[in-house]
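The structure appears below as structure tokens.
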Amino acid sequence: MERRAALVAAAVAAAGLAACSTPHSDRATPTTAAPTADPLEPLTACAVLDQLLAGQGFTPGRPIGVRDECGASKPGYGTVSVTLEQEQGEPQGAAPLDVNGRKALIGQFTGPGTCEVVLDVPGHAQAATTVVLLSADLQAEACAAAQDLAVSLEPLLPR
């Protein structure tokens with residue numbers, strides 16, 4: 001009985017090796033990575049920012065850099081921006097935050113008078129709100145404003 005099992009195992013192994021070593025150009029080759037859709041796709045940073053800031057005296061949003069980031073300014077106040085992107089990792093020095101039940105981080109990543117809230121978006125993406133005030137000593141106000149903007153942004157994001 002053991003000899004029969006050994007022969008069957010050898011035959012199966014030989015068939016498997018033959019199948020692996022024989023090229024089949026008429027067969028589709030499976031891919032190891034499935035294409036991923038951008039979970040933020042219908043949203044654009046400038047459209048979202050303009051919607052969030054409507055009627056508050058800010059300039060219309062303008063694209064910043066090469067990623068989907070948009071900024072607007074208000075005389076005597078400073079600038080605010082929204083960024084929608086594939087996840088870039090967790091910024092160092094960030095503190096955990098809950099925004100309408102969504103995991104988020106808050107921190108001062110670029111200097112005094114600035115604050116950013118980074119919201120987690122399922123599908124390996126993130127959305128961020130950044131506030132840069134004209135006065136560097138207004139750190140607490142910058143974080144409060146970034147958090148308020150994130151609270152308004154959060155319901156627009158996919159869950």
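Summary table
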item: Those residues of the range 37-77 which are within 18 Å of Cys115 (Cβ to Cβ) and touching a residue at least 60 places away in the same chain (Cβ under 8 Å), in sequence order; result: Leu52
item: Cβ pairs under 7 Å, 6+ apart, first in the range 140-155 and buried (at least 19 other Cβ atoms within 10 Å of the Cβ), second among the basic types (Lys, Arg); result: Glu154/Arg102
item: Meets criteria (open to solvent by 60 Å² or more (accessible area, probe 1.4 Å) and over 16 Å from Leu53 (Cα atoms)) for Glu116; result: no
item: Some residue of the range 134-157 being part of a strand (DSSP E or B) and modelled with pLDDT of 95 or more; result: no
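The values are calculated or read from the model by the stated rules, or taken from the named source; none is laboratory data. Everything numeric here is computed off the predicted structure, so don't read it as measured data. Note that each Cβ is placed from the backbone with ideal geometry, even for glycine, and that neighbours are counted across all protein chains shown. Note: areas computed on protein heavy atoms with side chains; ligands, DNA, RNA excluded. Shrake-Rupley method; radii C 1.70, N 1.55, O 1.52, S 1.80 Å.
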